[in-house]
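Structure first, then comments.
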Amino acid sequence: MVINSTSSEAGSAAETQNLPEPAGENRATLGRLGGGARGHGNLVLHSPPAGRRQGQTLTVSKSFTVLADGHLTVPARIQGLKFADLPLSVRLEKLVAAKMAVQLGDLNGVPIAALLNYKNCGKTTIAELVALIEKVAAGQFQAILGTDVSWPPCALAGFLDLLILELPARDTEILERRLSSRRELLPSYESVGAYFNLSHESIRLIENKTTRLLLKAGSRRLAAYLQQIERTCCEMVCPLTPELFEQWQGSPVRLPRHTSTFYVRLLCELNPAIPAWHGRIGACAARPYGRGAIEGALQSVLKATMRALALPEAFAQIQAKLPKLTVREFFSVLRQARRFRVEFHQPSQPTVKLHEVLSTDLARLILQSGDSPLTPEEILEKMAARFGRDIAQRNPRALGQALTEKQGYYLLGPRTYGLRQHFKLSKNLRAQVKTDFAQLLAREKRPISTPELIQKYEFGWTRQTNSYELACLLRADARFADLGKFLFALADWGIQEREYVKDLIQNILEQAGQPLTSAEVLQRIQQFRSVAPNSISGHLRKHPLVRDYGSGRFGLKSWNMPVDRINPCPMAGLPEAEAQLCEP
């Protein structure tokens with residue numbers, strides 16, 4: 001197979017016809033071997049030497065003889081070329097490997113008879129080797145051996161097409177079906193194999209073989225393109241996309257044979273180290289950080305601003321936290337993470353943002369920018385002014401329920417939420433507050449609520465805080481058990497939850513064995529927990545097991561006591577003067 005680097009077939013044919021013939025001694029030696037100067041490989045790129053324009057006759061500046069006295073002769077100017085950069089046939093590759101030759105110069109002066117002693121090396125192999133040296137000396141491989149590639153790579157698509165044209169038809173079709181899909185991920189080997197009636201393993205082997213042939217045929221020039229693309233994408237922190245590839249082709253975009261998606265995926269198959277956004281998601285060889293660490297770092301960066309960041313800016317901020325992070329690993333995590341969205345408004349300047357903006361995250365930014373706690377309505381109003389009405393369309397009640405202490409939000413007043421920066425108590429007093437409350441509980445030997453503490457007990461710090469803030473401080477201390485409703489007990493007591501007033505009333509009356517006034521019930525309840533004095537009468541009247549026996553006394557219905565037995569004289573307990581006024 002022959003690959004022509006010129007655009008017209010006529011020019012290619014002219015070049016092929018004007019190739020130099022082997023020198024006379026070369027022909028004679030090859031004739032004695034019984035072979036001719038045959039084509040030396042399956043993928044050979046015929047192109048004019050540097051500086052020669054299409055249509056000119058190919059001439060060699062200095063003639064030379066490859067075979068001299070039965071020995072190989074390699075010109076000095078090409079002795080440094082490596083066999084790995086040249087398109088060799090399978091038989092030549094085996095000969096070079098057996099000889100352990102790395103450069104063309106390693107064969108300079110080697111006797112032909114010595115080469116014929118190697119296994120599977122005969123007249124045909126020697127003829128191919130002679131033809132290879134002649135063509136290299138004639139400059140036929142300048143198009144693939146040159147490493148100075150133009151940038152942007154406008155000619156890359158055409159160069160790839162020339163390489164693909166020399167592949168077998170079936171292999172080309174398999175490659176196109178694998179890489180031309182419009183889906184973001186590559187089609188599976190099974191789906192492609194089903195079309196060609198081949199197993200998925202056969203498709204995988206054919207694809208790997210095709211990739212090796214293209215790399216071999218493209219030689220140094222293709223390798224230079226691949227390295228330059230990898231380096232450019234990493235420096236820009238911009239993944240290779242079909243849109244970016246089209247931008248590199250210039251305007252108007254002219255793609256010779258295939259789509260931009262095909263070329264991008266092919267480049268990534270040829271060099272998996274290229275950070276790309278389409279094609280196979282490969283695992284990074286070295287992964288110093290887990291996926292969770294990278295996602296967490298990026299999420300914290302995005303939450304700090306709640307706006308889209310350019311990929312270079314986001315990567316720089318994450319790399320400050322994770323110094324060993326690579327661009328390819330960063331892109332691999334971005335492609336698989338669902339919590340982020342990468343947008344390509346401009347192919348060379350992609351941005352990343354959170355996939356879903358939570359109201360709690362926006363509320364944090366609002367509260368961080370203020371000096372005082374806010375109600376849910378005030379938070380939503382500020383969110384609308386800062387981020388727009390579309391983002392701020394939340395329910396105030398739902399927002400209030402979402403602002404929990406686990407997420408760092410604190411109820412610092414009636415329906416008023418804030419952060420730790422909004423606490424009124426100074427950090428120096430907080431330890432003293434907890435110590436004073438622990439001593440108070442130990443002395444009273446009963447649960448105490450923070451409103452009761454603020455109203456009944458005098459400490460030096462009670463006027464600097466309120467019951468809401470005090471409850472937030474106590475919940476964070478393991479010495480206290482939160483019983484709910486701002487009621488706290490010592491954790492050593494083993495109380496898991498507060499005793500309800502309804503249950504306490506029943507127990508107190510059962511222990512008393514006689515009706516009690518609301519004041520007496522209140523006094524005994526306060527030995528177990530805090531309770532609002534004004535609420536006791538309501539609890540007694542609504543209790544399903546309690547009966548009003550008159551004169552402000554309450555007892556259990558199960559007693560079945562007559563009212564006159566409880567208080568036979570309705571004037572009992574009144575002052576004597578008032579009792580006389582009531583007599584008939």
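Coordinate-derived values only; no laboratory data. Treat the numbers as computed from the prediction; the structure is a model and nothing was measured. Using ideal geometry, Cβ is built from the backbone for each residue, glycine included, and neighbour counts are taken over all protein chains shown.
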Between Thr124 and Asp69, 0.36 nm times their residue separation minus their Cα-Cα distance comes to what?
-> 17.9 nm
Round to the nearest 0.05 the FRET efficiency obtained for Tyr195 and Val102 when R0 = 30 Å and r is the Cβ-Cβ distance.
-> 0.10
Going highest first, how would you order 166-172, 220-226 by mean Cβ packing within 10 Å?
-> 220-226, 166-172
Any idea what the relative contact order of the stretch 156-270 is, in percent, if you count C-alpha pairs under 8 Å spaced at least 6 apart?
-> 32
Determine the gain in length on full extension of the stretch Lys424-Glu377; use 0.36 nm per residue of separation and subtract their C-alpha separation, reporting nm with one decimal.
-> 14.7 nm
Scan around Phe340 for amide H atoms under 5 Å from its own, H built in the peptide plane at 1.01 Å from N, and keep only partners 5 or more places away or cross-chain.
-> His355
How big is the charge dipole of the stretch 359-483 about its Cα centre, in debye rounded to the nearest 20, if each Lys and Arg gets +1 on its Cβ and each Asp and Glu gets -1 on its Cβ?
-> 220
Order these peptides, 118-129, 239-250, by their mean beta-carbon neighbour count within 10 angstrom, highest first.
-> 239-250, 118-129
What are the ³J(HN,Hα) values, in whole Hz, obtained from phi via the Karplus relation 6.51 cos²θ - 1.76 cosθ + 1.60 with θ = phi - 60°, for each residue of the stretch 310-316 in sequence order, with x given for Gly and Pro?
-> 5, 4, x, 5, 5, 5, 5
Along the stretch 169-184, Karplus-curve 3J(HN,Hα) (6.51, -1.76, 1.60; θ = phi - 60°) to the nearest Hz, with x for Gly and Pro, reads 4, 5, 5, 5, 5, 4, 4, 5, 5, 6, 10, 9, 5, 7, 5, 5
Just grab the label-to-label distance for Thr404 and Glu499, each label 7 Å out from Cα along the Cβ direction, in nm (one decimal).
-> 3.0
Full extension from Gln349 to Gln336: what is 0.36 nm times the residue separation minus their Cα-Cα distance, to one decimal in nm?
-> 2.7 nm
